[in-house]
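Every read-out reported here was derived from the displayed coordinates using simple, explicitly stated rules and does not represent laboratory data. Because the structure is a prediction, the values reported are computed rather than measured. In this analysis, Cβ positions are derived from the backbone assuming ideal geometry, glycine residues included, and neighbour counts consider all displayed protein chains.
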Amino acid sequence: MKKLFFATSLFALIMIIVPVSAAKIVAEKTGSKINVTIDNRFFTSYIFSDDEKYPFFYPVNGPVSGGSVTSMRNGEYPHHSSLFFGCDMVNGGNYWQEGLERGRIISVNAEVNKQGGDTAIITNECIWSRPGAESPVKDSRTIIITSPSATVRQIDFNISLEMLNDVTIRKTNHSLFSARIAADISVKNGGIMINAEGMKSEKDTFGKRSAWMDYYGKRGDYVEGLAIMQHPSNPLYPSPWFTRDYGFISPTPMNWPENGSEIFIEKGTVINLRYRVIVHSGDERQAKIAESFEKYTKE
């Protein structure tokens with residue numbers, strides 16, 4: 001018995017001393033998409049093809065099921081493309097809803113800057129363009145993908161918006177960073193949507209300012225979901241949220257202008273925005289979303 005105890009203790013000591021190897025993250029550019037795998041499991045694709053409204057991520061696969069926690073459009077809302085960034089009502093153009101002639105966010109040079117270790121980094125410069133009008137905005141994106149644990153996938157979005165002309169954005173709920181959540185984990189199908197203050201569902205979260213929002217639901221015997229965090233350095237932080245029980249979350253400052261019905265931004269202005277996406281198993285407590293946000297605020 002003593003020998004068995006010694007062997008067990010030695011094994012435990014080795015487990016403490018020897019660090020668990022970090023996840024291996026590979027990002028490969030193939031045509032008009034960048035495919036990302038984590039420990040040889042497909043995680044997501046960054047899609048930027050010429051026939052799309054804007055670049056976006058789809059699928060965004062859960063760490064346990066391997067199925068996407070986001071959805072890709074439907075007949076009722078064909079402009080919801082999984083995990084994306086855009087805006088309506090920009091100098092008369094629409095860089096959100098369907099119809100390429102109304103405005104597009106065109107990827108100029110999506111590239112993989114780092115991959116193969118514990119981090120993948122994607123950079124992308126985009127021009128906001130529509131026929132017969134001067135481009136109002138250029139954005140530069142740095143996207144950092146990591147996997148802090150076997151049950152967590154993390155995507156950091158750092159987006160720099162440069163105003164190429166004077167820009168007026170009218171009041172709109174269609175603005176900036178957004179996620180269309182998979183139907184099976186939506187509130188309508190028994191899922192949970194909860195903000196940093198513990199408020200739940202569309203009724204209690206719509207239009208409310210909050211640092212983060214988490215959306216998750218049961219998949220068989222386990223739970224998976226996706227959280228979006230706003231970094232405190234963002235202008236108008238924390239922005240109010242546009243939320244839907246059918247499965248949509250977006251921190252949307254343009255729907256609640258501070259003064260009047262529009263926002264004016266001078267030519268040459270640069271706005272930096274940061275968002276963190278946590279794809280996780282478990283509920284918001286098991287996934288330690290609040291703790292992750294506190295860490296994010298110090299980065």
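For region 82-131, the square roots of the Cα gyration tensor eigenvalues, ordered a ≥ b ≥ c, give a/c of at least 1.5 with a/b greater than b/c, which places it in the prolate category.
Within a straight-line Cα-Cα reach of under 23 Å, Lys171 can be paired with the following lysines, leaving aside sequence neighbours fewer than 8 residues apart in one chain: Lys53, Lys138, Lys203, Lys208, Lys267. In straight Cα distance, which lysines are under 16 Å from Lys29, not counting same-chain residues fewer than 8 positions off? Qualifying lysines at Cα under 16 Å: Lys114.
By its C-alpha gyration tensor, with a ≥ b ≥ c as the square roots of the eigenvalues, how is region 91-232 shaped: rounded for a/c under 1.5, else prolate for a/b larger than b/c, else oblate?
Because a/c hits 1.5 or more and a/b fails to exceed b/c, region 91-232 counts as oblate.
Coupling constants for region 62-68 follow from the phi torsions by the Karplus curve (6.51 cos²θ - 1.76 cosθ + 1.60, θ = phi - 60°), and in residue order they are x, x, 9, 6, x, x, 5 Hz; glycine and proline get x.
Within the set of other residues whose C-beta is less than 14 Å from the C-beta of Pro131, count the net charge using Lys and Arg as +1 and Asp and Glu as -1. Residues close to Pro131 contribute a combined charge of +1. When the P(r) of region 19-297 is calculated, the portion above 23 Å amounts to 51% of the C-alpha pairs.
Taking the Cα atoms of region 185-299, the ratio Rg/Rh between the radius of gyration and the Kirkwood radius comes to 1.01. Taking amide hydrogens as placed 1.01 Å from N in the peptide plane, the amide H of Val137 sits under 5 Å from those of Trp128, Leu164, each at least 5 positions away in sequence or on another chain. Listed by chain and number, the lysines whose alpha-carbon sits under 18 Å from that of Lys218, ignoring those within fewer than 8 places in the same chain, are Lys188, Lys200, Lys288. The C-alpha atoms of the chain define a longest principal axis, and helix 2-17 lies at about 20 degrees to it. Note on Leu164 and Asn189: the model spin-label points, each 7 Å out from Cα along the C-beta direction, lie 3.9 nm apart.
For Val270 and Asn74, the FRET efficiency from 1/(1 + (r/R0)^6), where r spans their Cβ atoms and R0 equals 41 Å, is about 0.70.
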